[in-house]
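> Structure in structure tokens, see below.
The values are calculated or read from the model by the stated rules, or taken from the named source; none is laboratory data. Every value quoted in this text rests on a predicted model; they were computed, and no experiment measured them. Cβ placement follows ideal geometry from the backbone for every residue including glycine, while neighbour counts extend to all protein chains displayed. The area values use the complete protein model at the heavy-atom level, side chains included, leaving out ligands, DNA and RNA. Shrake-Rupley method; radii C 1.70, N 1.55, O 1.52, S 1.80 Å.
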Amino acid sequence: MAVAMRSAVQKAGASPRVSARRSVVVRSGKTLGGKGPVPPVEQDAYEYLKTCPGVSAPFDNVFDPAGLARTTNLRDLKRWRESEIVHGRVSMLAALGFIVGEQLQDFPLFFNFDGRVEGPAIYHFQQIGQGFWEPLLIFIGVAESYRVAVAWATPTGTGFNALKDEYEPGYLGFDPLNLLPEDEAARKELQTKEINNGRLAMIAIAAFVAQELVEQTEIFEHLFLRFEKEAILELDDLERDIGLPLTPLPEELKGI
């Protein structure tokens, strides 16, 4: 058998020594110069992204104007995907928390026994005292520890800051109400709705924070003042048409 292998190698134009060396290289993952591992063949990152939930109208293909998915590898893309999903979920909670917190701050049962929580939600962080943040930090630590155990690979020299190969970004197996469908198409549709709502929530919470920093008013207060101003301006148009005195615009509405 060895003679047959030597004959085949010689017919291919390579010496037995070079062939043996190449076989060792293939098994060890080293280059011929011994300078590092051979890059593994992996799925194209952009093609992978096209199969993920979140591709929906009005963009029938992947929305990537900066071309980031075309210039990265699959490992980094999955990590970005995980980050997007997690930030979307946090933003949905944050946007809901802004609205609920501002509406319930006058109720003592809403962890506001001494009435010190008031005004725009961006200042509630500083107003809440001891007894709230400690349990919250413990809960966040437990939740993140679970996510790290499920999703993240053990750090190594060549695999630092990477997800597990078998892990699907965003899927932690937490479904206490059993809402995730078994059907693949229905599951992908539900995941697309989640990620799209998360993207909208990231934009919304950024707008909430910017608006409250600039105008120093609560979200609904700002909205109702806008409605009041528009109503007065519409009334002024009507009064102007029929020759009646115009309704003056209150001072607090002039800057809106």
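> Could you pull out the residue among PHE220, PHE208 that is touching a residue at least 12 places away in the same chain (Cβ under 8 Å), open to solvent by less than 60 Å² (accessible area, probe 1.4 Å) and either within 25 Å of LEU93 (Cα to Cα) or not in a helix (DSSP H, G or I) (or both)?
Working: PHE220 fails: open to solvent by less than 60 Å² (accessible area, probe 1.4 Å).
It is PHE208.
> Name the pairs whose Cβ atoms lie under 8 Å apart, with the first residue in the stretch 114-142 and closer than 19 Å to GLU102 by Cβ, the second small (Gly, Ala, Ser) and assigned to a loop (DSSP other than H, G, I, E, B), and 6 or more positions between them or separate chains?
Close Cβ pairs (under 8 Å, with a partner that is small (Gly, Ala, Ser) and assigned to a loop (DSSP other than H, G, I, E, B)) amount to ARG116/GLY129.
> Here is a further query. Report, by residue number, each residue of the stretch 168-180 that is free of Cβ contacts under 8 Å to residues at least 24 places away in the same chain, of a type outside the set (D, E, K, R) and either outside any loop (DSSP other than H, G, I, E, B) or surrounded by 10 or more Cβ atoms within 10 Å (Cβ to Cβ) (or both). Don't jump to the end; show me each part of the working.
Initial filter on the stretch 168-180 (free of Cβ contacts under 8 Å to residues at least 24 places away in the same chain): 168, 171, 173-180.
From the residues that got through so far, the ones that are of a type outside the set (D, E, K, R) too are 171, 173-174, 176-180.
Residues satisfying the conditions are TYR171, PHE174, LEU180.
> Taking the stretch 187-205 on its own, how many of its residues are more than 17 Å from GLY173 (Cα to Cα), open to solvent by 50 Å² or more (accessible area, probe 1.4 Å) and within 17 Å of the chain's Cα centre (by Cα)?
So the answer is 7.
> Go through the residues of the stretch 144-152 one by one and say whether even a single one is surrounded by 12 or more Cβ atoms within 10 Å (Cβ to Cβ), touching a strand residue (DSSP E or B) at 6+ places or on another chain (Cβ under 8 Å) and modelled with pLDDT of 80 or more.
The initial filter retains those residues of the stretch 144-152 that are surrounded by 12 or more Cβ atoms within 10 Å (Cβ to Cβ), namely 146-147, 150-152.
Add one more test, that the residue is touching a strand residue (DSSP E or B) at 6+ places or on another chain (Cβ under 8 Å), and what stays is 151-152.
Filter again for modelled with pLDDT of 80 or more, leaving 151-152.
Yes, the stretch 144-152 contains a residue that is surrounded by 12 or more Cβ atoms within 10 Å (Cβ to Cβ), touching a strand residue (DSSP E or B) at 6+ places or on another chain (Cβ under 8 Å) and modelled with pLDDT of 80 or more.
> Among residues belonging to the stretch 129-142 that are part of a loop (DSSP other than H, G, I, E, B) and either among the acidic types (Asp, Glu) or open to solvent by 40 Å² or more (accessible area, probe 1.4 Å) (or both), point out the one that is nearest to LEU223 (Cα to Cα). Write out each step before concluding.
So the first thing to find is which residues in the stretch 129-142 are part of a loop (DSSP other than H, G, I, E, B), and the list is 129-132.
Next, only the ones that are either among the acidic types (Asp, Glu) or open to solvent by 40 Å² or more (accessible area, probe 1.4 Å) (or both) stay: 130-132.
Working: GLN130: 32, GLY131: 33, PHE132: 30 Å.
This residue is PHE132.
> What number of residues within the stretch 223-236 satisfy the criterion of being of a type in the set (D, E, K, R) and either assigned by the TED database to the domain that holds ALA121 or surrounded by 14 or more Cβ atoms within 10 Å (Cβ to Cβ) (or both)? I'd like the intermediate steps shown before the answer.
As a first pass, look at the stretch 223-236 and keep what is of a type in the set (D, E, K, R): 226, 228-230, 234, 236.
Then keep just the ones that are either assigned by the TED database to the domain that holds ALA121 or surrounded by 14 or more Cβ atoms within 10 Å (Cβ to Cβ) (or both); that gives 228-229, 236.
The number of residues fulfilling the criteria is 3.
> Pull up the stretch 42-87, narrow it to residues that are open to solvent by less than 90 Å² (accessible area, probe 1.4 Å) and of a type in the set (Asp, Glu), then point me to the one that is farthest from the chain's Cα centre (by Cα). Working first, answer last.
Restricting attention to the stretch 42-87, the residues satisfying the condition of being open to solvent by less than 90 Å² (accessible area, probe 1.4 Å) are 44-57, 61-62, 64, 66-67, 69, 72-74, 76-79, 81-86.
Then drop every residue that is not of a type in the set (Asp, Glu), which leaves 44, 47, 64, 76, 82, 84.
Details: ASP44: 21, GLU47: 20, ASP64: 15, ASP76: 14, GLU82: 7, GLU84: 2 Å.
The extreme case among them is ASP44.
> Hey, another quick one. Applying the selection to the stretch 220-253, what residues are modelled with pLDDT of 80 or more and under 21 Å from LEU104 (Cα atoms)?
none
> Examine the stretch 199-217 for a residue that is more than 30 Å from PRO58 (Cβ to Cβ) and among the aromatic types (Phe, Trp, Tyr), and state whether such a residue exists.
No: the stretch 199-217 contains no residue that is more than 30 Å from PRO58 (Cβ to Cβ) and among the aromatic types (Phe, Trp, Tyr).
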